[in-house]
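Heads up: the structure comes next, in structure tokens.
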Amino acid sequence: MTVDTLAVETPSDLADTPDAVNLSTAAPESSTDTSTDTTPAEAASTEPATAEPAKPKKAPAKKAAGKKTKTLELTLTVTGTADGEWKAELKQGTTYLARDLAVAAAAVSRAAKELHEDLSTPIDEVIEEARAQQAAKVAALEAELEAARKALADLD
């Protein structure tokens with residue numbers, strides 16, 4: 001049984017491109033334009049006979065121009081109530097990563113400001129509206145409590 005082994009090639013500092021005419025060794029009548037209508041085999045035949053035979057080049061490992069960035073899509077839903085309670089849920093596709101997480105209104109406001117001003121302005125308006133409603137509710141409850149204390153004092 002015989003085993004053929006290939007010698008390891010030393011890395012070349014030439015670009016990983018198909019066989020192209022080397023301008024320094026090309027015939028003097030060739031122009032500086034490297035785009036010719038010749039096939040790689042014809043281009044190789046124009047090189048001097050003393051040149052090393054053309055070796056097939058490997059394609060580059062990563063193509064920067066044709067590579068598309070993989071996107072990761074997450075959906076964060078933040079829901080608030082008029083009572084000032086905020087809940088958050090996070091989805092990736094159809095899978096919930098987190099559900100019904102209680103979050104503070106201040107945290108929602110800070111997060112929106114960090115993301116973008118166009119997000120923070122309407123969210124802050126909603127939070128301010130909820131704050132005003134809660135303040136009115138507190139005032140009404142305080143008035144009711146004061147009336148109940150006065151009624152209790154009248155019973156003594």
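The values are calculated or read from the model by the stated rules, or taken from the named source; none is laboratory data. Computed from a predicted structure; not experimentally measured. Reconstructed Cβ throughout: ideal geometry from the backbone, glycine too, with neighbour counts over all protein chains shown.
Of everything in the range 51-95 that is among the small types (Gly, Ala, Ser) and outside any loop (DSSP other than H, G, I, E, B), the residue that is modelled with the highest pLDDT is ALA88. Does ALA153 satisfy the condition of being free of Cβ contacts under 8 Å to residues at least 60 places away in the same chain and over 21 Å from GLU73 (Cβ atoms)? For ALA153, the condition - free of Cβ contacts under 8 Å to residues at least 60 places away in the same chain and over 21 Å from GLU73 (Cβ atoms) - is met.
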